[in-house]
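The values are calculated or read from the model by the stated rules, or taken from the named source; none is laboratory data. Fair warning: this is a prediction, and the values are worked out from it, not measured in the lab. Every residue, glycine as well, gets a Cβ built from its backbone with ideal geometry; the counts of neighbours run over all protein chains shown.
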Amino acid sequence: MTIRIEINENSGRLDRFLAVTRPEIPRSRWESWIRAGNVFINGVPAFKNGQTLKAGDVLETELPDLPPPAAHLIPESMDLPTLFEDNRLWIINKPIGLVAHPGPGHPSGTVLNALLARISAPGQSTENTDGEDDEEILIWPGLVHRLDKYTSGCMAMAKDEEAKTCLQAQFKARTVEKTYLAIARQSRKLPEIGSMLIDAPIARHRSDRTKMAIQSKGRSAQTRVKVLSKSKGLALLSCDLLTGRTHQIRVHMASLGAPLLGDPLYGGPTAWQDMDSSAVECPHPALHAWKLTLDHPNGEKLNIIAEIPESLANYISAFGLVH
């Protein structure tokens, strides 16, 4: 639901105004919604909770979804591919199609439900506490970053409060190394050899709220891209995320005229065919969280590699790409 409010008099802080105007949504949720660039003042993303609303301003936003609190979630035992696990951390190779946390249309059967089953043993905390990733405040324990539903690969979670705080600090300081594999349409703007840095700020699209877009007043976003191989009009890419914005790789690649295979939201084809082969269908973005490097709370450096899912491996083989 989209709301548009014309401010008739000076109304103080943006976050307080929204919390009072729409009290059914907690102020903490409004704060994260603002920081993610989802609230517009006179057509420009606000980003700052303390921005002052003045008479004559026009406020526009969609109402944020309210996920259920962790206390109301049911732990669910799920057999997920585990890359690392001890009593502090759990790192999985998230399958394609699995949702990270509950939301509209996905009340259960998520990674979070599986995590709660992992930490529900005696001595493990499942209390409802706030955590932070690059985009917004999460109200659930353990989740410090997320992957889109159709993005597979490395996803790290904490099993206790101290471990969660440790991971949060690393993500906030951008010391976590995240490398993705992606298949994109070839573009003249992609390098033939070596790598390139895409440095373009990202914010919520002004008219299509399902999308993100490059905007001069968006949040800083940096992606380092290396072309691993090219074949049949496609390119296999290694993408290092230096920041963690929503849809960052998808938006940045589309800006180069190289949208991801299977990503029609940003102009990518859902099927690909060359003169020597039949069409290959790709119903979701060809994107995989391939490598993850972070520090364990005990100080150990963890270098995690997630096996490429069968569908992505089949695309790489079918198009003659090499990684």
Residue match in the range 78-85 (condition: touching a residue at least 24 places away in the same chain (Cβ under 8 Å), farther than 30 Å from Lys291 by Cβ and outside any strand (DSSP E or B)): no
Strands (runs of 3 or more DSSP E) wholly inside the range 183-255 that include at least 2 residues being crowded, with 22+ Cβ neighbours inside 10 Å: 202-204, 222-231, 234-241
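Here is a yes/no grid of residues against (1) within 26 Å of Cys154 (Cα to Cα); (2) modelled with pLDDT of 90 or more; (3) small (Gly, Ala, Ser); (4) not assigned by TED's automatic domain parsing to the domain that holds His145:
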| site | (1), (2), (3), (4) |
| --- | --- |
| Phe40 | no, yes, no, yes |
| Leu53 | no, yes, no, yes |
| Ile74 | yes, no, no, no |
| Pro81 | yes, yes, no, no |
| Trp90 | yes, yes, no, no |
Selection count where residues are more than 20 Å from Lys189 (Cα to Cα) and surrounded by fewer than 16 Cβ atoms within 10 Å (Cβ to Cβ), scope the range 265-279: 9
Matching residues, the range 264-301, being farther than 30 Å from Glu161 by Cα, within 17 Å of the chain's Cα centre (by Cα) and hydrophobic (A, V, I, L, M, F, W, C): Leu265, Ala286, Leu287
Matching residues, the range 30-67, being within 18 Å of Glu6 (Cα to Cα), touching a Gly at 6+ places or on another chain (Cβ under 9 Å) and either in a strand (DSSP E or B) or among the small types (Gly, Ala, Ser) (or both): Pro45, Ala46, Thr52, Leu53, Val58, Glu60
Residue tally, condition in contact with a helix residue (DSSP H, G or I) (Cβ under 6 Å, 6 or more places away or on another chain) and modelled with pLDDT under 95, over the range 182-210: 1
Some residue of the range 267-286 being part of a loop (DSSP other than H, G, I, E, B), without any contact (Cβ under 8 Å) to a residue 24 or more places away in the chain, touching a strand residue (DSSP E or B) at 6+ places or on another chain (Cβ under 7 Å) and among the hydrophobic types (A, V, I, L, M, F, W, C): yes
In the range 1-29, the residues that are surrounded by 14 or more Cβ atoms within 10 Å (Cβ to Cβ) and assigned to a loop (DSSP other than H, G, I, E, B): Ile7, Ser11, Arg22, Ile25, Pro26
Selection status of His284, in contact with a helix residue (DSSP H, G or I) (Cβ under 7 Å, 6 or more places away or on another chain), in the same structural domain as Ser238 (by TED's automatic domain parsing) and not small (Gly, Ala, Ser): no
Residues being touching a strand residue (DSSP E or B) at 6+ places or on another chain (Cβ under 9 Å) and within 19 Å of Asn298 (Cβ to Cβ) - total across the range 155-184: 15
